[in-house]
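Engineer: Let me begin by handing over the structure; questions about it come next.
Computed from the coordinates by the stated procedures, all read-outs in this text should not be read as laboratory data. Quick caveat, the model's predicted, so the values are computed rather than measured. Here Cβ is always computed from backbone atoms with ideal geometry, including for glycine, and neighbour counts include all displayed protein chains.
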Amino acid sequence: MGSTTDQRRTAAILLILAVVFASCSSAVDRSDASPATTLNPVTTAAPATASSNQADPTSVAPAPETTGSEAADTAPSTTTASADTTVVRSTTEAPSASPTTTAAPSPTPTSPLADKQPEHCTVEPPAMVRTDVTASGNRLADGSVDLSADPQVVDLGGTPVWVLPYPVDTDGGWYVALQSGTAVFVGSRGTTSPAPAVDGPPVVVFEADEPTIVSAYRQHERFENPLPDTRVVHFGEYSAALVDPTDRYGHDVLGDDIEAGAVQILNACTGMSTTIVIDEPSVIEGISPILTDLDADGVPEVLVTTSNDRQGARLVVYGVDGSMVAQSNPIGSGYRWRNQMGVAPLGPNDEMEIVDVRIPHLGGVVEFFQVDADRLIRMARTDPYTSHRIDSPNLDMGVLVDTDGDTRPEVVLAAQNFGALVVLERTEDGIAELAELDLDGLLRTNIAVDQRTNGSLLAVGTSSDQLYIWGR
Ligand SMILES: [Ca+2]
Ligand SMILES: [Ca+2]
Ligand SMILES: [Ca+2]
């Protein structure tokens, strides 16, 4: 409170710079006691038309997810390696109001980089602050946050839902969306003041140097038939979002029973659109892909979590041209989810690893995967932790950020009962729990990081109507 416009502008510019540099990161968990062995057929048939809103053919009654046996992910499987994708739709123009697209005859359309790349087209990632930490959807924060000192605790006057760093004054501050549909700014000294509310997860964008709160659901119009709660992610000239809503997989644990039948990738340089259609009965169970350059060739890969009622969730990596790159084994039972968290060089020799939380509602297992040929091989696992509250649209309760000053990110996520934050370190031969940070109430928000070179800050909101802030 009491900050001047100049102060806010200065803070905003600093935040923009920080973000730009940073970007250049159940009731219805239904059981299926006998894992299906049927494979998803891989076809290369002619492209299907949009396969939206198909009824769930099984319509099984909801049953609680159990902690029953899980298929091992450590060994390549010869029987479950079939891909979920069968069709890639491509156009050479950005999608317009017309739903017609030029169908590609095979799953390997012309690479958008092969011959259409203008020589001098570079696209900077948009400056924004998001609940999923980076514009690419990769929950990987820059900087190092010191969690050793007692946190600052601020009374919010309501139950928090989302938290974002926001330059309330020259020392920073936070934007907190409340369950009541209102929102507050929290200044660096803990003062609160009313803030504008938006629909869905908030995003801070910078228009004319001024920070502005907008909805994460904006920019949907750039995509064909978007998932209602998808978030648009960005990596260089590429943008991507989940599309083709369908109710054919009635797991219903992410806030609704509508999931995505496809992921669409746009290239701002070439105008090319590529849509990767997931083969029925599978869906993409999530709200966005993660765009991440797993092989360091400058072009992102597209990480999604596919799932179905027979085999449950698996991680799948595609090329931006729709080609299959690698995938994990499925869990092995239907109605078992994975919450993909982020990607970073976490392996013992700095190998890139994908981090997720498997069955987060039932003793969640934190998993680390590496790409090995066309497989994602699990290198380490530990439990029980979680990064998602069942039925919540908040998939951002986990983040990768350095907490001990060695520049290697740790995993920060929730204890299984949401009563604490936990810090996990990927070690040479496994995973170590570095810290447990108790909360008065239960974790209710995303884990937000104010990424700063002189000491990052980490904040969460709790069911005790408080904002906890660590760092500096
Ligand atoms: Ca959904
Ligand atoms: Ca790549
Ligand atoms: Ca570290």
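Engineer: Could you tell me which of 352, 366, 405 has its Cα farthest along the dipole of region 341-411 towards the positive end, charges placed at Cβ (Lys, Arg +1; Asp, Glu -1), taken about the Cα centre?
Structural biologist: 366
Engineer: Which GluC sites (Glu not before Pro) in region 396-441 pass both tests, a DSSP loop state and at most 11 other beta-carbon atoms within 10 Å?
Structural biologist: Filter output for region 396-441: 428.
Engineer: Taking R0 as 25 Å, what's the FRET efficiency between residue 454 and residue 209 from their Cβ-Cβ distance, rounded to 0.05?
Structural biologist: That pair, residue 454 with residue 209, gives E of 0.70.
Engineer: Here is a further query. What residue among 454, 468, 442 has its Cα farthest toward the positive end of the dipole of region 429-472, where the charges are +1 on Lys, Arg and -1 on Asp, Glu, each on the Cβ?
Structural biologist: Result: 454.
Engineer: Find which of 188, 121, 144 sits farthest along the positive direction of the dipole of region 118-266, computed with +1 on the beta-carbon of Lys and Arg, -1 on that of Asp and Glu, about the Cα centre.
Structural biologist: 188
Engineer: Write out the trypsin sites (Lys or Arg not before Pro) in region 153-231 meeting two conditions: DSSP loop, and at most 16 other Cβ atoms within 10 Å of their Cβ.
Structural biologist: The qualifying sites are 189, 218.
Engineer: If you don't mind, there's one more thing I want to ask. With only Lys, Arg, Asp and Glu charged, each at its Cβ (+1 for the first two, -1 for the last two), find how big the charge dipole of region 190-313 is about the Cα centre; round to the nearest 20 debye.
Structural biologist: 140
Engineer: Which distance in nm do the two modelled labels at residue 197 and residue 392 give, with both placed 7 Å along the Cα-to-Cβ direction?
Structural biologist: Between residue 197 and residue 392, the simple spin-label model gives 1.9 nm.
Engineer: With a ≥ b ≥ c taken as the square roots of the eigenvalues of the C-alpha gyration tensor of region 335-419, please select rounded if a/c is under 1.5 and otherwise prolate if a/b is larger than b/c or oblate if it is not?
Structural biologist: Here region 335-419 falls in the oblate category.
Engineer: May I pose another question? For region 348-472, with only Lys/Arg (+1) and Asp/Glu (-1) charged at the beta-carbon, what is the dipole magnitude about the Cα centre, in debye rounded to 20?
Structural biologist: That gives a dipole near 360 debye.
Engineer: Could you please report the charge total around residue 452, scoring K, R as +1 and D, E as -1 over all other residues with beta-carbon less than 10 angstrom from its beta-carbon?
Structural biologist: Every neighbour counted, the sum reads -1.
Engineer: Mind checking the full-extension length gain between residue 472 and residue 408? Use 0.36 nm per residue of separation minus the Cα-Cα distance, one decimal, nm.
Structural biologist: Between residue 472 and residue 408, full extension yields 21.3 nm more.
Engineer: Let me ask you something else. Can you put 333, 180 in order, fewest other beta carbons within 10 Å first?
Structural biologist: Arranged by neighbour count, lowest to highest, 333, 180 become 180, 333.
Engineer: For a quick check: with amide H placed at 1.01 Å from N, whose amide H comes under 5 Å from residue 229's, ignoring anything fewer than 5 positions away on the same chain?
Structural biologist: Those qualifying (amide H under 5 Å, at least 5 residues apart or on another chain) number zero.
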